[in-house]
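What follows is a set of notes on a single structure, which appears directly below.
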Amino acid sequence: MPSRSKFIQSLVDAHPEPFALIDERFTIVACNRRYAEAYTHLDPSDLVGMKCHEVSHKSAESCEINGEECPLARVFRDQAQVQVIHRHLDRNHDPEYVAIHGSPVYGDDGKLLYMGEGMHPISKEAELIFDEQKMVGCCPSFTRVLDNLCMVADTDAPVLIHGETGTGKEMAAQLLHRKSSRGSGELITVDCTQFTEEMFVNELFGHEQGAYTGCVGQKKGLVELAHKGTLFLDEIGEMPPSIQAKFLRVLESGTFRRLGGTKEIKADIRVIAATNRDLKEMVDKGLFRADLYYRINCMQVELPPLRHRKEDLPELVRHFLSRKVMGTHSASMSDEALNVLKRYNFPGNMRELRNLLERAALLARGNVILPEHLPEEIRHYNPALDQDTQHRDHDIETHACDTCSQPVTLDLIRRTLDHFHGSRRLTAKALKISERTLYRRLKELS
């Protein structure tokens, strides 16, 4: 019989992924070479006796100090398998995201002895999707989102992504698609703010030759193009009620007809929808079909606004100002300018931050960004005053929303814009439409 230590080590070495056995006191009992090489320049035997958080987080404190959920605590509490997403530091102290699979390991007497910790790095997958807007950080709200996205991606259920404008809803949809079993298929995006009601039917379902006057040739719709893949409905709250009914039939029957056609066509699609509106409130007001809402709201992911991720701001700023993103206009930011940004609430979220930094880097001519390179309204931004303004405008916005059961006419947009002194953000909020829809309608005014 081999010794107990050799027996345990051989079991650990049998795992192809980084793997370790950890006791209830966070002490590493055994680990394989891939685990050691992922986080250190040491041999596996050198890690025995060290605390797991010393290796993975380079910290004397457990991962819970960062707001992460400790898989070891859950395994010993629930005596069940667990999966969480953590932000670790690799052997070069560079951050990476990993999916941790924790499993209880019992002795012959049935007593829980260790947690078996297997890890799968997902940073490359996340960076591939999120690099453009760098939805990367260390705050708990972001790691929870990444955990939810990875969990939901493994299913084929419909997903509803909710988040404010600029939080990265489309990028989250891309991650869900690429990590799913449909990743080799097409991801077809439907911008629900772009089409009139008549155009919607044609774009979604396509048409047969001669379906209407001037119709030349056959056209496949977006639903058909997404067959065996994913259909992403961006800003689904803007979808007209009549189209909601037609689309619900596709979800329930899995079939549709092209415009002017009689043949039923099969649509094997996964649906991901996104919105910045309160769809449940729209259902209560009769502005969105309840049956469609419950159909697409099988799994819900909430993206945090940037104002709830202020601790990630320094890292986000460094990324956006890096040569990788800015090219020859790369710059750095002074502590004084960073403190100005930390006071700001970023109603436009990640998109606003990136645009703001691009402008500041140009004004700084690629050198250090100072407070004077930031817009005046941000330099003089007062969070307390903004909060007061939000409370003061609440009753006004509520009154404006009472008119939203009517069509959002150009005249209504003009009056609402005048009321909010040209603020597009407050106008869109009051009219219960997305800012993207407002911008499209404003083009009709010009």
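Results, tabulated for the structure shown:
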{"item": "log₁₀ of I(q)/I(0) at q = 0.22, 0.29 Å⁻¹ - region 280-337, Debye sum with one point per alpha carbon", "result": "-0.90, -1.11"}
{"item": "By average C-beta atoms within 10 angstrom, highest first, the peptides 195-202, 115-122", "result": "115-122, 195-202"}
{"item": "Acute angle (nearest 10 degrees) that the helix 4-13 long axis makes with the longest principal axis of the chain, alpha-carbon atoms", "result": "30"}
{"item": "Cα pair count fraction exceeding 19 Å, expressed as % - region 130-302", "result": "57"}
{"item": "Between 0 and 90°, nearest 10: helix 349-363 axis offset from the chain longest Cα axis", "result": "90"}
{"item": "Potential extension, residue 42-residue 77 segment - 0.36 nm per residue separation minus Cα distance", "result": "9.5 nm"}
{"item": "Inter-site label distance for residue 94 and residue 197 at 7 Å from Cα along Cβ, in nm", "result": "5.4"}
{"item": "³J(HN,Hα) computed for each position of region 169-180 - Karplus, 6.51 cos²θ - 1.76 cosθ + 1.60, integer Hz, glycine/proline x", "result": "5, 5, 5, 5, 5, 5, 5, 4, 5, 5, 8, 8"}
{"item": "Rg over Rh [alpha-carbon atoms, Kirkwood Rh] for region 308-379", "result": "0.92"}
{"item": "Full-extension gain in nm, residue 225 to residue 330, via 0.36 nm per residue minus C-alpha separation", "result": "33.8 nm"}
{"item": "Förster radius 41 Å - calculated FRET efficiency between residue 355 and residue 248 (Cβ-Cβ, nearest 0.05)", "result": "0.65"}
{"item": "Per-residue HN-Hα couplings for region 211-219 [Karplus 6.51, -1.76, 1.60; θ = phi - 60°; Hz; x = Gly/Pro]", "result": "5, 8, 4, x, 6, 10, x, 8, 9"}
{"item": "Region 4-121: relative contact order as a whole-number percent, Cα under 8 Å and 6+ apart", "result": "23"}
{"item": "Zone of residue 377's modelled label, taken as backbone nitrogen in region 332-353 under 15 Å from a point 7 Å along Cα→Cβ", "result": "344-349, 352-353"}
{"item": "Of 63, 52, 298, the one that fluctuates the most in a GNM where the chain has Cα springs shorter than 10 Å", "result": "298"}
{"item": "Relative contact order of the chain, pairs being alpha-carbon contacts under 8 Å that are 6 or more residues apart, as %", "result": "11"}
{"item": "Degrees between helix 410-419 axis and first principal axis of the chain (Cα, 0 to 90, nearest 10)", "result": "60"}
{"item": "Length added when fully stretched, residue 209-residue 307, from 0.36 nm per residue minus Cα-Cα", "result": "30.2 nm"}
{"item": "Computed FRET value (nearest 0.05) for residue 103 with residue 411, which takes r as the C-beta separation and R₀ as 51 Å", "result": "0.20"}
{"item": "Shape parameters for region 262-389, alpha-carbon atoms, Rg then Dmax in Å", "result": "20.7, 66"}
{"item": "Inter-label distance for residue 17 and residue 298, nm, one decimal - labels placed 7 Å from Cα along Cα-to-Cβ", "result": "2.4"}
{"item": "Estimated FRET transfer efficiency when R0 is 56 angstrom, pair residue 64-residue 266 (beta carbons, to 0.05)", "result": "0.70"}
{"item": "Principal axes of the chain: Cα extent on each, largest first, Å", "result": "84, 62, 43"}
{"item": "Lys, Arg +1 and Asp, Glu -1 on Cβ, resulting dipole of region 272-377 about Cα centre, debye, nearest 20", "result": "320"}
{"item": "Charge sum, other residues only, whose C-beta stays under 14 Å from residue 13's C-beta, Lys/Arg counted +1 and Asp/Glu -1", "result": "0"}
{"item": "Helix-only CD estimate at 222 nm, as mean residue ellipticity for the chain, using -39500 (n - 2.57) per DSSP H run (n ≥ 4)", "result": "-12000 deg cm²/dmol"}
{"item": "Phi to ³J(HN,Hα) by Karplus 6.51 cos²θ - 1.76 cosθ + 1.60 over region 89-100, Hz, x for Gly, Pro", "result": "10, 6, 5, 9, 6, 8, x, 8, 9, 9, 8, 9"}
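FYI, it's all coordinate maths here, none of it is from the lab. These figures come from a predicted structure and were not determined experimentally. Glycine also receives a Cβ, built like all others from the backbone with ideal geometry; neighbour counts cover every protein chain displayed.
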